[in-house]
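Scroll down for the structure; my scribbles are underneath it.
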Amino acid sequence: MSERLDQLYRDVIMEHYKFPRGSKDIENADMDNQGQNPACGDEIEVKVKLEGDRVKDVSVSCMGCAISVASGSMLAEVIEGKTLAEVKKIAKVVKALVKGEELPEDIDIHELGDIEVLQGVRKFPVRVKCALLSWTTLVDAIDSFEAGTTTELNISTTEEGHANHNHAH
Amino acid sequence: MSVKADSKKEKTDRCCDGPCDLDVAKIRADFPILSRQVNGKRLIYLDSAATTQKPESVIRAITEYYSLHNANVHRGIHTLADEATTAYENTRHKIAAFINSDYEEIVYTRNATEALNTIAFSYGRAHLKPGDRIVITQMEHHANLVPWIMLSKETGAELAYIPITDDGYLDLSHIGEIINSKTKIVSLTHMSNVLGTINPVEEIAELAHKAGAVIVLDAAQSVPHLAVDVKALNIDFMAFSAHKMLGPTGLGILYGRRELLNDLQPFEFGGEMIRKVTFDDVTWNDLPYKFEAGTPHIAGAYAFGPAIDYLNELGMDNIRAHEIELTRYTLNRLAELDFIKVYGPTDPNHRGGAVTFNDVNIHPHDLATFLDTQGIAVRAGHHCAQPLHRLLGTVATTRASFYMYNTKSEVDLLTEALKESRRYFGYV
């Protein structure tokens, strides 16, 4: 079998796919956002419960392929206990990682659990959206959560052109 | 070009043991792309329902047009303009003969989607009022769904659906109530791009006409694969695409009955489609030009000519027979695999050669990525039919779709690759 394929479907990915973390639903979530991959119809719902500005609990429910489910599972694993600012930074790292772009220097990729293996997606450009579905859904959720709490952030969010998908189900 | 089988010749890569009379090895040699390698393997192209591959004659025609005849149509006096216009109109005649219409009834569009939008927003806007009804089916491609949703919202006409049965046919048990006296437009697919189902168009056309409605046919999947006669089907409008029948992308066809097209207001305005323009008013050009605003895809029409010639030379009945046999073979091979669920009718005579299936464990995306590394091109996703997929209880499926160049040995390779994927993803 091709090495390129083996890099994509590492054992770690398949393990996350078959036993996804964060699959237990959480109640009274502070953020709840659904994302769709319009190219394939895959659907995901990400919920986050906060304690202060740190993530206390995450639930990821994904009807999707191995790559999108595994990426969502890693998301659930890695963002627990992180601040929202840290979460957004990790999301940027994941994006750079799967697109093969330069990673920020102040991040040690080895501290982000299994996320490193997502770089196998690089060789499959059509699958990049799968790997990023949970992360963009989460970042959208954080952006609208923050926009909803302070007017100033709302303005800056609009300027950045971020879409708010919260009401677009 | 002679692509019919020589009965005395040994047919090594012959498609089928059925009544089909095609020499597939010879056909394959006409398609340059079929000899390329993908990921180190011979390409097995099973995505013709998305777009078909092109024979050498069509590819050559594109170059020929730009090398020898390039000019704008209907506007020039010079020789090139005359040649371009003649070729552009010759293809229109070929298309008309191909579906048994008159050439004035053939309108060039960008694609089948634009043809359907033209019908919805030219005919629909002019004829619908609140309380009227548009009837479509639950198995429509978004191209024959979204325009009607938008038209319904705009006009206040209600949208009603003909449901489907569990085995993938239209459920006609309540058709008399669905196509009621308020119905003004009935629009349906001739052949489902997901289920493969061939719908009973004549029967539905009769009901539509009795109710005083017009019937629109989305024939994007049928015209390429079986003989379609608009008069025998008794339909009013029809849409299809050149690129799904060996032709270039960027060219669609709108067929409309002459009386209907004559009454219709154009949908797009500009050059080419007018006869006389003053600062205050315009007079539309004759059919079909009043619907062809702006410079059209002349090279596309030029190259679509040899595509139709190719189909005619093979014979649509031969192509259909080949695909029935290939579909029968595929359904039988897939039935051997207990981990594969197939959607749509099981009788190959009632369906086209688009076979949609799912592995019970492996997501279609992962499966398609795996198959791609084996050189096998299939489609994975919702195939632009999200509501239908919701009915099927899934967000995505895998589809293998055939044309005259596909063989049973390719189906065998697909079957083996499906087994191999189980091992690869750890389900065996």
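Please treat every number below as a calculation from the coordinates, not as lab data. Just so it is clear, the model here is predicted, and its values are computed rather than measured. Neighbour counts run over all protein chains shown; Cβ positions are idealised from the backbone, glycine included.
Overview of results
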read-out	value
Whichever lysines have a C-alpha closer than 27 Å to that of B:LYS210, once near sequence neighbours (fewer than 8 apart) are set aside	B:LYS129, B:LYS153, B:LYS182, B:LYS184, B:LYS231
Point-to-point label distance, B:ASN100-B:GLU206, nm (Cα→Cβ direction, 7 Å offset)	1.6
Viscosity 0.692 mPa s, temperature 37 °C, Stokes-Einstein D of the protein assembly as shown from Kirkwood C-alpha radius, µm²/s	124
Highest-MSF residue in chain B out of B:ILE185, B:ILE324, B:ILE162 [GNM, Cα springs under 10 Å]	B:ILE162
All-pairs Cα distance distribution in the range B:59-312, expressed in whole percent, bin size 5 Å	1, 6, 13, 17, 18, 16, 12, 8, 5, 3, 1, 0
Neighbour net charge for B:THR183 - beta-carbon separation under 11 angstrom, K R +1, D E -1	+1
B:TRP284, B:TRP148, A:TRP135 arranged by Cβ crowding within 10 Å, fewest neighbours leading	B:TRP284, B:TRP148, A:TRP135
Separation of the B:LEU80 and A:ILE109 label points, Cα + 7 Å toward Cβ, nm	5.3
Calculated log₁₀ intensity ratio I(q)/I(0) where the Debye formula runs over C-alpha points of the range A:3-159, q = 0.13, 0.14 Å⁻¹	-0.57, -0.66
Relative counts (whole %) of C-alpha pair distances in chain B, using bins that are 10 Å wide	4, 21, 29, 25, 15, 4, 1, 0
C-alpha long axis of helix A:128-149 to longest principal axis of chain A, angle in °	10
Ranked list, fewest to most other Cβ atoms within 10 Å of each Cβ, for B:ILE215, B:ILE33, B:ILE164	B:ILE33, B:ILE164, B:ILE215
Residue-by-residue Karplus 3J(HN,Hα) for the range B:161-177, coefficients 6.51, -1.76, 1.60, Hz, glycine and proline x	10, 7, x, 10, 7, 4, 8, x, 9, 5, 8, 9, 5, 10, 4, x, 7
Centre separation in Å (Cα based) which lies between the range A:6-23 and the range A:54-116	14
Cα point-scatterer Debye curve for the range B:53-104, base-10 log of I(q)/I(0) at q = 0.12, 0.21, 0.26, 0.28 Å⁻¹	-0.33, -0.84, -0.97, -1.00
Length-normalised contact order of chain A in % [C-alpha pairs under 8 Å, at least 6 apart]	25
Phi to ³J(HN,Hα) by Karplus 6.51 cos²θ - 1.76 cosθ + 1.60 over the range B:67-79, Hz, x for Gly, Pro	7, 10, 10, 4, 6, 7, 8, 6, 10, x, 9, 6, 4
Centroid-to-centroid separation of the range B:371-421 and the range B:93-159 [C-alpha atoms, Å]	29
Zone of B:ASN361's modelled label, taken as backbone nitrogen in the range B:367-384 under 12 Å from a point 7 Å along Cα→Cβ	none
Residues A:ILE107, B:ILE134 arranged by fewest to most Cβ contacts within 10 Å	A:ILE107, B:ILE134
³J(HN,Hα), Karplus 6.51/-1.76/1.60, whole Hz, each residue of the range B:110-121, x for Gly, Pro	6, 6, 5, 4, 5, 4, 5, 5, 4, 5, 4, 9
Approximate spin-label separation B:TYR161-B:ASP286, in nm, with each point projected 7 Å along Cα-to-Cβ	4.5
The range B:136-247: C-alpha gyration tensor shape, a/c 1.5 cut-off, then a/b vs b/c	rounded
